[in-house]
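Below is one structure, written out as structure tokens; comments come after it.
The values are calculated or read from the model by the stated rules, or taken from the named source; none is laboratory data. Remember, predicted model here, so these are calculated numbers, not experimental data. No Cβ is skipped: glycine too gets one built from the backbone with ideal geometry, and neighbour counts run over all protein chains shown. Accessible surface is based on the protein model in full, side chains and every heavy atom, while ligands, DNA and RNA are left aside. Shrake-Rupley method; radii C 1.70, N 1.55, O 1.52, S 1.80 Å.
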Amino acid sequence: MDCIKQASETLRQLLLDGLGQLVAAEKIPAVPIPSFQVEIPADKAHGDFAANVVLVSAKVFRMAPKKIAVLLLEAVPLEGTIFERAEVAGPGFLNFFLKQQWFADVVQTVLTEKEQYGKTQTGCGKRVLVEFVSANPTGPMHIGNARGGALGDSLAEILSWTGWNVEREFYVNDAGNQIEKFATSLEVRYLQHFDSSVEMPEDAYQGADIVEYAENFIAEHGDAYVQTDAKKRRDALVAYALPQNIAGLERDLKKYRIVYDNWFRESTLHQNGRVQWVIDELTRRGCTYEKEGAIWFQAEQFGADKDFVLVRANGIPTYVVPDIAYHYDKLMVRNFDKAIDILGADHHGYVPRLKAALKALGVDTDRLDVVLMQMVMLMRDGEAIKLSKRSGKAITLVTLLDEIPLDAARFFFNTREANSHFEFDLDLAVEKSSQNPVYYVQYAHARICSLMRTMAEEGLTQEQCDAKNLTLLTHPTEIELIRHLATLPSELDTAARQYDPSRVTKYVVELATMFHRFYDACSMKYAETSEIQQARLLLSGAVCQVISNCLRILKVTCPEKM
């Protein structure tokens, strides 16, 4: 249950009912009421909720705001509601203060809903496909893929928590230029084994994995492919190495706690004719033209910055054609309500062109959203680590996870919005201190578990605590903590709407901070009364549960001891 949303809706209805009574009593004119906001003030001295209904209505009512405010408060009886009192502030803001029972009910809600607390039905069961990582299958995953993996997987989980029917997908680019380059790289390493004079092109893949595949292929087939034609040799090498690479990607991603529902291969779009269909259909719709032997798409007519080539003069489709076919498949064949792509920021020019082509094919492009993710810079000893993918000396996802805890990787990559550049501090990721955010949050959880064990040893467990005592939680740090617990459902809704898992990491770090502040200010072992002691134990249990829920969304472990 979303206690904040429920309170906000209750207040809105109270205000509308009050305005209705004033109209019936002919104290205000019977005119349409303008849209107004019910919000939580930044300064809690101004109330738990505030409404600007008076300010936005003054003009249509042709009355002074303060006069409307006084009349409205008289028409809104708070007795029997969750609100204790209300006041007029400034030129006509209405501020409302919640009863203590509401705060008690928040804690009770968390303890009752347990692992389900925070979930909403905002997505209404609509189907959404989240495609992320989709790393080049010709090599290992790099640091950008590591960020995209944590971001995409956590976003998918947040969407699931907020009522969407979610599927995760990896798009395997097993066709096109990168496969040709992969074949060239394997072929050269294979031939070099028998003739060292064979040269490797500068733009080929130089990684040690290419050498390893070639040597393993030789162990099985020897020199059987040295004298065969190049196509047969290249096809054999790719058929041997590519499945191993894809299996390696799947294995490494599982180690990263990512399991996909679908592994969609680009090659199927060529095999089932969908790539050619895109070209033919755009041509049939009059959206293409020929120039210098190539087929161009009239992208400018559909909102893109410029027209682009669909088919080169040599008859080979450009890389964007399979991508158009792939997204058409997502939205029109498999009919997902929403498709979300996590892509690198270098795709910013690609997105409007893709959407232009989809629009020309009759697709509602509002159903496709793209999250553009900025680069990651690895830092050690305060200096950036130089990476070189071409030389094969780049730090991969696997080598990263050999250096730092998996929990740190999953958490750190989600501490910034996707569109912000991110400096990943390798030293901080292994540090066991309050400066390390994931350690700080996990420590808060472990601290509460330790506290509960201690209290149980002294004869008091959560099950023995009376929830009626929760109304005794009136200390500012207790109220602050409960308010924050109450916001989790709406925070997850916002994170889902903005495609921003960093809101969850920020939320749970703030929650840990608030708990430590409460723990220092409000003694449990030496509480003023046994009733307050019980209330504080229940509150601690609620905090423990919410930390656990947040870390579960991020797929970060939640230790009970540290």
Next item on the list: Among the strands (runs of 3 or more DSSP E) lying completely within the range 82-175, list those that include at least 3 residues that are under 26 Å from Leu242 (Cβ atoms) and either aliphatic (A, V, I, L, M) or touching a residue at least 24 places away in the same chain (Cβ under 8 Å) (or both).
Entry: 127-131, 165-172
Next item on the list: Kindly indicate whether any position in the range 2-14 is open to solvent by 30 Å² or more (accessible area, probe 1.4 Å), under 19 Å from Leu485 (Cβ atoms), among the polar types (S, T, N, Q) and touching a residue at least 40 places away in the same chain (Cβ under 8 Å).
Entry: yes
Margin query: Every residue in the range 250-264 that is surrounded by fewer than 17 Cβ atoms within 10 Å (Cβ to Cβ) and either in contact with a strand residue (DSSP E or B) (Cβ under 9 Å, 6 or more places away or on another chain) or within 16 Å of Val321 (Cβ to Cβ) (or both), please.
Written below: Glu250, Val259, Asp261, Asn262, Trp263
Next item on the list: Select, from Val128, Val172, Val88, Val76, the only residue that is of a type in the set (Val, Ile, Thr) and at pLDDT 95 or above.
Entry: Val128
Checklist line | Matching residues in the range 82-99 - criterion: being open to solvent by less than 30 Å² (accessible area, probe 1.4 Å), of a type outside the set (A, V, I, L, M, F, W, C) and out of contact with any Gly (no Cβ under 9 Å at 6 or more places or on another chain) | finding: Gly92
Next item on the list: Might you check whether a residue that is in contact with a Lys or Arg (Cβ under 9 Å, 6 or more places away or on another chain), over 30 Å from Leu378 (Cβ atoms) and surrounded by 14 or more Cβ atoms within 10 Å (Cβ to Cβ) occurs anywhere in the range 438-449?
Entry: yes
Notebook entry, point to check: Tell me, which strands (runs of 3 or more DSSP E) wholly within the range 277-322 include 3 or more residues that are without any contact (Cβ under 8 Å) to a residue 24 or more places away in the chain and either within 26 Å of Ala175 (Cα to Cα) or touching a Phe, Trp or Tyr at 6+ places or on another chain (Cβ under 8 Å) (or both)?
Noted result: 288-291, 294-297
Notebook entry, point to check: In the list Val376, Val370, which residue meets the criterion of being under 23 Å from the mean Cα position of the chain (by Cα) and either within 30 Å of Leu310 (Cα to Cα) or surrounded by fewer than 20 Cβ atoms within 10 Å (Cβ to Cβ) (or both)?
Noted result: Val370
Next item on the list: Inspect the range 228-241 for any residue being open to solvent by 30 Å² or more (accessible area, probe 1.4 Å), aliphatic (A, V, I, L, M) and not in a helix (DSSP H, G or I) and give the result as yes or no.
Entry: no
Notebook entry, point to check: Taking the stated definitions as given, is Leu343 open to solvent by less than 50 Å² (accessible area, probe 1.4 Å), part of a strand (DSSP E or B) and on the phi < 0 side of the Ramachandran plot?
Noted result: yes
Margin query: Considering only residues that are of a type outside the set (Phe, Trp, Tyr) and without any contact (Cβ under 8 Å) to a residue 60 or more places away in the chain, which ones fall in the range 323-342?
Written below: Asp323, Ile324, Ala325, His327, Leu331, Met332, Val333
Item checked: Single residue of the range 146-182 satisfying the filter (out of contact with any strand residue (DSSP E or B) (no Cβ under 8 Å at 6 or more places or on another chain) and crowded, with 24+ Cβ neighbours inside 10 Å) that is nearest to Gln498 (Cα to Cα) -> Ile158
